[in-house]
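A.B. asks: Please read through the structure below; I'll follow up with questions.
What follows is calculated from the coordinates using simple rules that are stated; it is not laboratory data. The shown structure was predicted, so the numbers you read here are calculated from the model rather than taken from an experiment. So basically every Cβ, Gly included, is an ideal-geometry build from the backbone, and we count neighbours across all protein chains shown.
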Ligand SMILES: [Ca+2]
Ligand SMILES: [Ca+2]
C-alpha cells in the first residue's frame, strides 16, 4: 500500500526524462520555448516546443507513436500527433490562468495538469 505511489512516481518520472530533456527553471522554459523572443509563450510556440519529444520518438515519421517506433510501455496505446497536439492546446489554455492568450514564466511554472 505504501510502496505503490513511490513506484508509480518513479515510472512517471522516468517516462518524462526519457521523453524530453526538460529545462529546469521557469526562466529556462521560457527561453527554450520563446521562438520569437517576445518574453511570452503563445499557443504556436507551446505546441511546437511540446511536440519535439513526440517527433523524436516517432522514428518512422508517420505521425503515430506505436510499436513500429520501438518497444512501448505495457498498457500504452498508439498516439496520433494531431490528438497529441489537440491535448497540448487544451493544456495551454488551462495554464493561461489570466486568459490573455499567452503564457508568462509564472503560468509556465505551474504544475502540469
Ligand atoms: Ca513568444
Ligand atoms: Ca510512428
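A.B. asks: If the chain between residue 80 and residue 62 were fully stretched, how many nm would it gain, using 0.36 nm times the residue separation less the Cα-Cα distance?
C.D. replies: Working: separation 18, 0.36 × 18 = 6.48 nm, distance 0.90 nm.
Residue separation times 0.36 nm, minus the Cα-Cα distance, leaves 5.6 nm.
A.B. asks: What list do you get for 89, 41 if you sort them by fewest beta carbons within 10 Å?
C.D. replies: Numbers: 89 14, 41 25.
Taking fewest neighbouring Cβ atoms as first place, the list is 89, 41.
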